[in-house]
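Take a look at the structure below.
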Amino acid sequence: MKPSRALVLALQILFGVALLVAWHFAANIRVGSATLKFFLSAPLDVFWRVVKLFSEGEIWGHMWITFQETVYAFVLGSVAGVLCGFALARNPLAAAVADPYLKAANALPRVVLAPIFMLWLGLGVWSKVALGFSLVFFIVFFNVFQGVREVPATILANARMLGFNERQLFRHVYWPAALTWMFSSLHTSVGFALVGAVVGEYLGSAAGLGYLIHQAEGVLDTTGVFAGMAILTAFVLIIDALVTVIERRLLVWQPQGAQTTT
Amino acid sequence: MSSMTPETGRAPAVSLRGVSIAYRVGDGARYEAVRPVDLDVPDQSFVAIVGPTGCGKSTLLNAAAGLIAPSSGSVSIFGEPLAGVNRRAGYLFQLDALMPWKTAIDNVAVALEPMGVRRGEARERAHAMLKRVGLASFADRYPHMLSGGQKKRVALAQTLIRDPKILLMDEPFGPLDAQTRVIMGNLLLELWATDRKAVLFITHDLDEAIALADRVIVMAAGPRSHFVGDFRIDLPRPRDIAEVRHDKRFFDLHRDIWAALRDEVSRAYAQADGVAA
Ligand SMILES: Nc1ncnc2c1ncn2[C@@H]1O[C@H](COP(=O)(O)OP(=O)(O)OP(=O)(O)O)[C@@H](O)[C@H]1O
Ligand SMILES: [Mg+2]
């Protein structure tokens with residue numbers, strides 16, 4: 001039997017409260033003349049720090065920067081991924097030639113590229129966009145490539161029998177198939193765009209949520225680090241929820257388990 | 001089989017002459033699915049092909065559709081040699097062929113796009129066609145929200161809206177239950193009666209073949225399949241699929257054709273078990 005929603009929710013809240021309480025007491029353990037707060041901060045301190053950050057208003061600017069970087073990286077990476085995925089899927093020779101290079105490029109942990117991007121593009125927004133792009137591109141590329149290559153043979157044969165020309169085939173068959181695969185990886189690619197932005201900021205910048213956390217770490221401000229992490233987590237959850245809404249709208253035609261109603 | 005000449009003075013809608021089809025399998029190996037056969041489907045006639053599974057029915061139909069090129073022989077459509085895809089034929093596939101990302105009505109309307117019909121008009125005509133197959137109220141559903149029988153109706157509407165002169169049907173009602181098959185069969189006969197196209201209908205269901213067709217051709221088990229029987233079905237029309245089965249004549253025809261088919265079916269099974277060939 002499926003546990004009831006109320007029960008699950010109640011237990012979830014209870015678990016969260018228990019964690020916070022445990023954290024609170026752990027932070028207040030005395031070691032000599034000080035407490036462990038220096039290492040752990042404390043839930044209430046973090047809470048008030050978050051409140052302070054928002055009331056002072058500076059945080060909005062950082063969030064806006066990170067948001068922008070994420071959006072740019074996602075959009076540019078997706079567009080490039082779709083175009084390349086498409087071009088290679090329809091051109092087997094090019095695909096065969098490019099294959100080892102794409103595999104090699106994708107095998108490289110992208111974080112090591114961050115300093116190079118900063119050298120090329122400076123410490124501003126674009127070096128972070130480049131890092132996010134390098135992550136998003138491959139996810140979208142491989143998905144679209146797969147999607148176009150794996151259009152069911154019967155649907156293709158049917159399209160030919162209906163007399164579709166290349167343009168119509170693209171528009172009514174390959175394009176929707178490619179987009180489906182791209183959308184199915186939407187959460188992952190948006191997530192990676194954000195990772196690119198935050199990691200880039202962390203490694204060198206003057207604004208953004210990653211920068212904020214890095215600053216706090218630099219002065220051993222544990223409360224600041226936890227506050228930054230809390231805001232970043234909320235930020236990610238909100239973006240993820242937005243993606244879910246968009247996904248629902250775009251993929252209405254896909255079976256998601258029957259939707260029944262009374 | 002060369003006695004299969006058109007009854008009407010005109011060239012047959014589909015004509016296969018010495019058509020054989022061999023597939024390349026693995027490295028260099030060759031599998032001759034169908035050895036040279038002749039077949040004529042006269043305009044306005046309904047021809048059914050029955051045969052055991054894997055004997056080459058779909059293969060033959062794909063050759064008539066121009067989806068695969070025969071290894072030897074020639075295909076002509078209304079007297080003209082076929083090059084590329086058969087533009088005068090509509091094809092109802094054995095497996096799902098609807099575009100899952102389009103609603104029922106869009107799936108049907110899009111079939112008119114290659115003919116240069118404007119969007120608005122295409123949708124109007126698609127709606128009328130869905131109505132004819134009894135799906136008017138399901139126009140805005142996506143394929144995954146339709147039952148198997150409903151999907152087949154949409155596919156039928158998609159095929160018929162282009163008004164092809166030839167209808168190629170590959171076990172179109174295969175996965176449906178018995179009652180739905182009867183309903184779909186009657187629908188097909190009704191549509192065909194008002195607009196007689198040449199139909200080449202493939203099935204493994206002998207009852208269905210006899211109930212629908214003017215002529216039933218029996219294929220041998222593969223490899224190198226060929227025709228082992230050709231029966232004229234002289235049951236009166238209009239027919240009701242469910243009722244025609246109680247006809248004495250139906251019974252006789254069934255017995256005769258089954259005698260030819262039975263050996264092939266058991267041969268096919270023996271081969272699938274690796275006994276023969
Ligand atoms: N693309 C292919 N490559 C190699 N062999 C094939 C290919 N397509 C079909 N065959 C073989 O050709 C034979 C005939 O296949 P076909 O699909 O025409 O059978 P069928 O009569 O339609 O069977 P069913 O009733 O199960 O649909 C089979 O033995 C099959 O394995
Ligand atoms: Mg078949």
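Taking the stated definitions as given, is A:LEU108 open to solvent by 10 Å² or more (accessible area, probe 1.4 Å) and in contact with a Lys or Arg (Cβ under 6 Å, 6 or more places away or on another chain)? Judged against the criteria, A:LEU108 is not a match.
Name the single residue that is surrounded by the most Cβ atoms within 10 Å (Cβ to Cβ) among those in segment B:128-168 being within 16 Å of ligand 2 (Cβ to nearest atom) and within 12 Å of chain A (Cβ to nearest Cβ). Outline the logic, then answer.
At the first step, the residues of segment B:128-168 found to be within 16 Å of ligand 2 (Cβ to nearest atom) are B:152, B:155, B:168.
Now drop any that are not within 12 Å of chain A (Cβ to nearest Cβ), which leaves B:155, B:168.
On the way: B:ALA155: 25, B:LEU168: 27.
Going through the qualifying residues, I end up with B:LEU168.
At least 2 residues being crowded, with 20+ Cβ neighbours inside 10 Å and within 16 Å of ligand 1 (Cβ to nearest atom) is the threshold, and among the strands (runs of 3 or more DSSP E) wholly inside segment B:1-112 those reaching it are B:14-25, B:29-41, B:46-50, B:89-92.
Could you say which residue among B:LEU235, B:LEU253 is open to solvent by less than 40 Å² (accessible area, probe 1.4 Å) and in a helix (DSSP H, G or I)?
Working: B:LEU235 fails: in a helix (DSSP H, G or I).
One residue alone meets the criteria, B:LEU253.
Here B:GLY120 passes the criteria (1) within 18 Å of the chain's Cα centre (by Cα); (2) without any contact (Cβ under 8 Å) to a residue 24 or more places away in the chain except the one numbered (1). Could you tell me which residue of segment B:92-117 is nearest to the other protein chains (Cβ to nearest Cβ), considering only residues that are among the β-branched types (Val, Ile, Thr) and over 21 Å from the mean Cα position of the chain (by Cα)? Once the filter is applied, the top-ranked residue is B:VAL110. For segment B:63-75, the set of residues classified as more than 7 Å from chain A (Cβ to nearest Cβ) and under 16 Å from B:VAL47 (Cβ atoms) consists of B:ALA63, B:ALA64, B:VAL75, listed by residue number. Applying the condition of being within 7 Å of chain B (Cβ to nearest Cβ) and at negative phi to segment A:152-164 and asking which residue is nearest to the chain's Cα centre (by Cα) yields A:ILE155.
The one condition from (1) β-branched (Val, Ile, Thr); (2) closer than 30 Å to A:PHE138 by Cβ; (3) without any contact (Cβ under 8 Å) to a residue 60 or more places away in the chain that A:ILE13 does not meet is (2).
The values are calculated or read from the model by the stated rules, or taken from the named source; none is laboratory data. This structure is a prediction, so every number in the text was calculated from the model and none was measured. No Cβ is skipped: glycine too gets one built from the backbone with ideal geometry, and neighbour counts run over all protein chains shown. Each accessible area value is taken on the protein alone, full model and side chains, heavy atoms only, with ligands, DNA and RNA left out. Shrake-Rupley method; radii C 1.70, N 1.55, O 1.52, S 1.80 Å.
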